[in-house]
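**Student:** Can you read through this structure? Questions will come right after.
The values are calculated or read from the model by the stated rules, or taken from the named source; none is laboratory data. Computed from a predicted structure; not experimentally measured. Here the Cβ is made from the backbone with ideal geometry for all residues, glycine too, and neighbour counts use every protein chain on show.
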Amino acid sequence: MDDDPEEIICVKCEKSISDDCFECDCCLGRMHRTCALLGGSETKVMPLQKRVLMLICEKCKKYLIRMPYMIKMIDDLRDEIQELKSSIKNGGTQQGETYAQILRKEGRIDNAQRVQINYSTPTLIIKPKAKQSSEKTKNELQTKINPVQLKVGIKNLKEANHGNVIVKCTTKQDIELFKNEAEKQLKGQYVIETPKLRMPRIKIVGYTGNKSAEEIEESIMVQNNWIKQNDKLKITYVKKNNSKNQSTVFGECSPELFSKMIDASKICIDWERFSVYEDLNITRCYNCQGYRHKGSTCNATQVCGNCSGEHDIKECSRQEKACGNCISANNQYNTKYDTNHAAFDASCPTTNYYLKIMRSRIDYYGSS
């Protein structure tokens, strides 16, 4: 008698699959159609060989979402090592002095003798008290402060809105020296601030209860034993989806709790478990395909999100993809981005550049 065919298990619900299913584009694991949570139009495009839509299972999402943090951690470690090398080269070390001793002397090692890494670029915002252009602020800054005499490394000097100027240095020590000199030379004409990183934000999808934000917050804190009493969580609001009788719960939490939530990927509320994700969204314009504004306020020429032509995407019949945002970035900044994708593709380099900017303003590591 022939052996039974190998049983196929759904990577989400871990139950047997006996009918049609979908495949995760990352690990190639199978999922029930109901477990994939795809809409009608999304279901139709899944069988196509050439498609923009990607289906990623929850296990793969857990690791993919942490990838940018790991890359950032590696970059910051590289900067830290370079800073240590420069410190030794410029100031020298006493005979027999180790790297750990150097770090402890500079206040960069804690009681457990772990290196405290600065995960955000040291930054200052220079704000004029009087109304003026950012160009004037920048010129006055460059006239009155000499980074060569201060012996500080300037990583970036950029004009911003409302006459402001953003200064980024290579180390915390450099930014403190620059701040002290700016306060001395600018003599109260400017407000000099260190930007504060915001806490990570989360969203819990598919919530079917009717509790208030405060009640949901209390349930999460007491029903999930991996959440400790000193973990910080604030449920900010609950958005109802009347068509599905479900809600999306939004909140913010401490870096430590955020890491635990992403690792767990599921959270208990009342009698059910729900998926939890990072809430990180870029405002997108579906008229010009640009960022940081909406189509309702856009006066720019219409750009197709599929081919970058000047027409509505619904009228587009071209098979070749072209991202207008990456084309513009290559023309303006010589970035050499790949442009053979749609503007809304998840792998778009320009989109990921803006995501990187957003993540640089979030305290993922408890560093603020």
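**Student:** Tell me which residues, restricted to the range 270-291, are surrounded by fewer than 15 Cβ atoms within 10 Å (Cβ to Cβ), free of Cβ contacts under 8 Å to residues at least 60 places away in the same chain and within 15 Å of Thr351 (Cα to Cα).
**Tutor:** Those that are surrounded by fewer than 15 Cβ atoms within 10 Å (Cβ to Cβ), free of Cβ contacts under 8 Å to residues at least 60 places away in the same chain and within 15 Å of Thr351 (Cα to Cα): Asn281, Thr283.
**Student:** Moving on to the next point. For the range 240-291, name all the residues that are assigned to a loop (DSSP other than H, G, I, E, B), charged (D, E, K, R) and in contact with a helix residue (DSSP H, G or I) (Cβ under 8 Å, 6 or more places away or on another chain).
**Tutor:** Our first condition is that a residue be assigned to a loop (DSSP other than H, G, I, E, B); within the range 240-291, this holds for 242-245, 254, 265, 270-271, 279-283, 285-290.
The next check asks that each one be charged (D, E, K, R); those that pass are 244, 270, 279.
Asp270, the sole residue that qualifies.
**Student:** Hey, another quick one. Does His311 satisfy the criteria of being farther than 30 Å from Thr121 by Cα, surrounded by 12 or more Cβ atoms within 10 Å (Cβ to Cβ) and touching a helix residue (DSSP H, G or I) at 6+ places or on another chain (Cβ under 9 Å)? Walk me through it before giving the result.
**Tutor:** On the way: farther than 30 Å from Thr121 by Cα: yes; surrounded by 12 or more Cβ atoms within 10 Å (Cβ to Cβ): yes; touching a helix residue (DSSP H, G or I) at 6+ places or on another chain (Cβ under 9 Å): no.
No, not satisfied.
Residue by residue, here is whether (1) in a loop (DSSP other than H, G, I, E, B); (2) surrounded by 18 or more Cβ atoms within 10 Å (Cβ to Cβ) holds:
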site: Asn330; (1), (2): no, no
site: Lys336; (1), (2): yes, no
site: His341; (1), (2): yes, yes
site: Asn352; (1), (2): no, no
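**Student:** List the pairs whose first member sits in the range 207-222 and is within 10 Å of Asp270 (Cα to Cα), whose second member is small (Gly, Ala, Ser) and part of a loop (DSSP other than H, G, I, E, B), and whose Cβ atoms are under 8 Å apart, counting only residues at least 6 apart or on separate chains?
**Tutor:** So the pair list comes out as Ile216/Gly209.
**Student:** Now for a separate question. So Ser265 passes all but one of these: (1) crowded, with 17+ Cβ neighbours inside 10 Å; (2) on the phi > 0 side of the Ramachandran plot. Which condition number does it fail?
**Tutor:** Unmet for Ser265, out of (1) crowded, with 17+ Cβ neighbours inside 10 Å; (2) on the phi > 0 side of the Ramachandran plot: (1).
**Student:** Looking at the range 168-177, is at least one residue part of a loop (DSSP other than H, G, I, E, B), under 26 Å from the mean Cα position of the chain (by Cα) and at pLDDT below 90? Even if it seems obvious, please write down each step before you answer.
**Tutor:** To start, the set of residues in the range 168-177 that are part of a loop (DSSP other than H, G, I, E, B) comprises 170-171.
Narrowing the set further to residues that are under 26 Å from the mean Cα position of the chain (by Cα) leaves 170-171.
Narrowing further to those that are at pLDDT below 90: 170-171.
Yes - at least one qualifying residue is present in the range 168-177.
**Student:** Across the range 142-167, what is the number of residues that are under 31 Å from the mean Cα position of the chain (by Cα) and in contact (Cβ under 8 Å) with a residue 40 or more places away in the chain?
**Tutor:** Final tally of qualifying residues: 3.
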